[in-house]
1. Which count do you get for residues in the stretch 106-120 that are over 24 Å from residue 136 (Cβ atoms) and touching a helix residue (DSSP H, G or I) at 6+ places or on another chain (Cβ under 7 Å)?
2. Quick check on this structure: which one of 311, 253 is near ligand 1 (Cβ under 10 Å from one of its atoms) and at pLDDT 95 or above?
3. If a residue must be in contact with a Lys or Arg (Cβ under 9 Å, 6 or more places away or on another chain) and assigned to a loop (DSSP other than H, G, I, E, B), how many such residues does the stretch 70-97 contain?
4. Residue 176 passes all but one of (1) over 30 Å from residue 106 (Cβ atoms); (2) surrounded by 21 or more Cβ atoms within 10 Å (Cβ to Cβ); (3) not aromatic (Phe, Trp, Tyr); which number fails?
5. Of all residues in the stretch 190-217, how many are away from ligand 1 (no atom under 14 Å from the Cβ) and more than 15 Å from residue 263 (Cβ to Cβ)?
6. For the stretch 256-265, name all the residues that are surrounded by fewer than 21 Cβ atoms within 10 Å (Cβ to Cβ) and either within 11 Å of ligand 1 (Cβ to nearest atom) or polar (S, T, N, Q) (or both).
7. In this structure, is residue 255 more than 15 Å from ligand 2 (Cβ to nearest atom) and in a loop (DSSP other than H, G, I, E, B)?
Amino acid sequence: MWTRRSSRIILNGDDIAASEITPQRIFEQRRRVLQAAGAMALGGVAGTFGAQNAFAEYASPDPKALKLAAKTDTKFVALDKVTPFKDITTYNNFYEFGTDKSDPSEHAHTLRPRPWRVSVEGEVKNPKVYDIDEILKLAPLEERVYRHRCVEGWSMVIPWIGVPLSELIRRAQPTGNARYVQFVTLNDPSQMPGLADPILDWPYSEGLRMDEAMNPLTLLTVGVYGQVLPNQNGAPVRVVVPWKYGFKSAKSLVKIRFVEAQPKTSWNTYAPNEYGFYSNVNPSVDHPRWSQATERRIGEDGFFTPKRKTLMFNGYGELVASMYQGMDLRRNF
Ligand SMILES: Nc1nc2c(c(=O)[nH]1)N[C@H]1C(S)=C(S)[C@@H](COP(=O)(O)O)O[C@H]1N2
Ligand SMILES: [Mo]
């Protein structure tokens with residue numbers, strides 16, 4: 001559950017957390033967060049590249065990776081233990097590179113994340129093709145530690161870096177007809193060997209309602225762990241929607257399209273009874289083939305590790321529940 005303490009929102013409250021997240025641990029982590037935030041506020045963000053990341057403890061262990069500096073707002077920092085870099089870069093879903101969890105880390109080296117362009121189009125007054133470097137400079141980069149839960153029943157805690165998607169939407173100036181946003185992934189078989197396999201209706205595509213896209217949690221994401229996104233995590237730019245199942249967070253985007261009608265999405269097209277358009281994390285709505293009541297946190301799984309209880313809206317209800325008031329979330333799953 002979210003607990004509000006002054007202006008901060010602190011994530012806590014699943015079973016395992018009782019033993020792991022002691023008051024002392026929370027206190028120390030929050031102090032580090034606030035110190036980091038304070039240091040950034042004093043020093044300012046020292047340019048897009050090359051500067052020290054706000055969170056030394058989340059620095060990428062990859063010495064060759066291009067580093068990104070980011071500011072932080074403690075409101076968006078989940079205090080759960082962060083999942084190790086090794087796990088978040090070797091246990092991935094990115095079907096354009098194969099369906100095994102290890103496939104993206106083994107095969108995504110063929111993706112060429114630079115140069116890269118993203119077309120912002122459709123029902124907008126300012127359509128524009130953005131170069132990836134323009135996206136990096138849309139607004140000051142922010143570091144956000146989010147819970148990330150896959151519909152398959154596992155979860156991670158990831159220090160993403162990006163800008164609120166609302167910054168891009170504001171510049172695009174949607175017309176009155178824009179009710180949804182569609183996100184489309186690259187569709188280039190020369191870079192993505194998995195496209196040869198017609199598992200999904202390529203290109204991978206996802207969508208959000210306009211208010212969901214504008215929600216301050218929705219992050220246009222360019223980095224993780226203080227560095228640019230590794231290819232397997234959706235380089236060079238993806239969306240991250242932390243209160244929804246992971247598949248809503250489309251990777252390696254080439255198109256962001258504003259539309260009037262609810263867009264078709266890859267997983268919903270594949271199995272409409274299993275993957276709804278909304279796909280809000282909801283422990284009380286089972287997937288037809290398995291329960292969604294609990295989850296396994298990657299990086300801490302052992303034979304005897306108890307599963308965690310999955311939280312409504314992945315724990316982000318305070319920031320998102322109002323968008324679904326009056327909606328039947330069993331029908332709109
Ligand atoms: N283009 C594309 N985006 C995608 C996917 C995919 O197969 N292709 N998989 C989705 C799923 S099911 C999940 S759980 C997350 C995984 O993101 P991560 O590997 O960075 O943790 O990416 C989502 N975005
Ligand atoms: Mo997923």
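1. Residues of the stretch 106-120 over 24 Å from residue 136 (Cβ atoms): 106-107.
The next check asks that each one be touching a helix residue (DSSP H, G or I) at 6+ places or on another chain (Cβ under 7 Å); those that pass are 107.
Within the stretch 106-120, residues that are over 24 Å from residue 136 (Cβ atoms) and touching a helix residue (DSSP H, G or I) at 6+ places or on another chain (Cβ under 7 Å) number 1.
2. Details: 311 fails: near ligand 1 (Cβ under 10 Å from one of its atoms).
Unique residue meeting the criteria: 253.
3. Quick first cut of the stretch 70-97, residues in contact with a Lys or Arg (Cβ under 9 Å, 6 or more places away or on another chain) only: 70, 72-81, 83, 90-94, 96.
In the following step, the residues that additionally are assigned to a loop (DSSP other than H, G, I, E, B) were identified as 70, 78-81, 83, 91-94.
Counting residues in the stretch 70-97 that are in contact with a Lys or Arg (Cβ under 9 Å, 6 or more places away or on another chain) and assigned to a loop (DSSP other than H, G, I, E, B) gives 10.
4. (2)
5. Step one: filter the stretch 190-217 for residues away from ligand 1 (no atom under 14 Å from the Cβ), giving 190, 196, 209-217.
Imposing the further condition that a residue be more than 15 Å from residue 263 (Cβ to Cβ) reduces the set to 190, 196, 211, 214-217.
Result for the stretch 190-217: 7.
6. Once the filter is applied, which keeps residues that are surrounded by fewer than 21 Cβ atoms within 10 Å (Cβ to Cβ) and either within 11 Å of ligand 1 (Cβ to nearest atom) or polar (S, T, N, Q) (or both), the stretch 256-265 yields only 262.
7. Working: more than 15 Å from ligand 2 (Cβ to nearest atom): yes; in a loop (DSSP other than H, G, I, E, B): no.
No: the conditions fail for residue 255.
The values are calculated or read from the model by the stated rules, or taken from the named source; none is laboratory data. Since we're looking at a predicted model, the values are computed, not measured. Here Cβ is always computed from backbone atoms with ideal geometry, including for glycine, and neighbour counts include all displayed protein chains.
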